[in-house]
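Participant: What follows is a single structure, and I will ask about it in a moment.
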Amino acid sequence: MSPANSLRITQTTTNAKPYHRRSGGVSLLELLLVLAVIAFLSAVIVGDDNAPSSEQQRSNTANAVMAALIHARQTASYQGQSMGIWCDTANQQLKVFRLDHSSNPPNPVYDVRHPLSQQIYTLSFETSALPARLEQCQFNYQGYGSDNQRLDFQRGSAAPVLYLGGGPYLLTSGSIELSLDQQSSVITIYPQNGSVVLQ
């Protein structure tokens, strides 16, 4: 071989790895760390905004009471079973019952089940599920006066009445008041047909 055509090969051996500086971009670890910080801050900031307001909680409680009234009324109308509700402000409960007509006056039987949960149909107030307070129930009846606890729905017609000695007495006005944080909601029961409205 001629010196012009020969290549001189030299090999150097080092133990150190060469340092390569990145040019732009971020590593996966850095990206995950930034996303974790953003997720944490979002949860802290948005977490308070997702808590239901007092108005929403009061409205949810009123909707549960209206659903109980509607269930009792519709069962009386479509299934021919006299139904009713019992307001217990002392124990902060509202119970749905059926009336047993084998006695006079008919006796309430508290074995009605909630159509979804299949539990005994009782609403408990001032709880995490229904935070509003059951302030009062006011039912006025023609020829009887007022009753602060009981409202019945006549089988077949679902007319709002009270079955007590000498009854049924027709409802002339009815309301249920709920409160939370010094604000109140009133549910009105119309005497003509037992329909309910939130005011």
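Read-outs: derived from the displayed coordinates by stated rules, not from any lab. If you're wondering where the values come from, they're calculated on a predicted model, not measured in any experiment. Note that we place each Cβ from the backbone using ideal geometry, even for glycine, and neighbour counts take in every protein chain shown.
Participant: Any idea what the relative contact order of the range 82-126 is, in percent, if you count C-alpha pairs under 8 Å spaced at least 6 apart?
Facilitator: 33
Participant: For the range 54-198, what does the relative contact order come out to in percent, with C-alpha contacts under 8 Å and a separation of six or more?
Facilitator: 25
Participant: Starting from the 7 Å offset along Cα-to-Cβ, what nm value, one decimal, do you get for the label separation of residue 27 and residue 197?
Facilitator: So the label points at residue 27 and residue 197 sit 6.8 nm apart.
Participant: Roughly how big is the range 54-198's charge dipole about its Cα centre, with Cβ charges of +1 (Lys, Arg) and -1 (Asp, Glu), in debye to the nearest 20?
Facilitator: For this selection, approximately 340 debye.
Participant: Same structure again: For the range 110-199, what does the alpha-carbon gyration tensor say about shape, rounded, prolate or oblate, given a ≥ b ≥ c as the root eigenvalues, a/c under 1.5 as rounded, and a/b over b/c as prolate?
Facilitator: Oblate is the answer for the range 110-199, as a/c is 1.5 or above yet b/c matches or exceeds a/b.
Participant: Do you know the relative contact order of the range 148-199, to the nearest whole percent, from alpha carbon pairs under 8 angstrom that are 6+ apart? Intermediate values should be presented prior to the final figure.
Facilitator: Numbers: 78 pairs, mean separation 13.8, N = 52.
Relative contact order, the range 148-199: 27 percent.
Participant: Which value in nm describes the separation of the simple spin-label points at residue 172 and residue 129, placed 7 Å from the Cα toward the beta carbon?
Facilitator: Between residue 172 and residue 129, the simple spin-label model gives 3.7 nm.
Participant: Follow-up question, since we're still on this one. Between residue 119 and residue 188, with labels modelled 7 Å along Cα→Cβ, what's the label distance in nm to one decimal, could you check?
Facilitator: My value for the distance between the label points is 3.3 nm.
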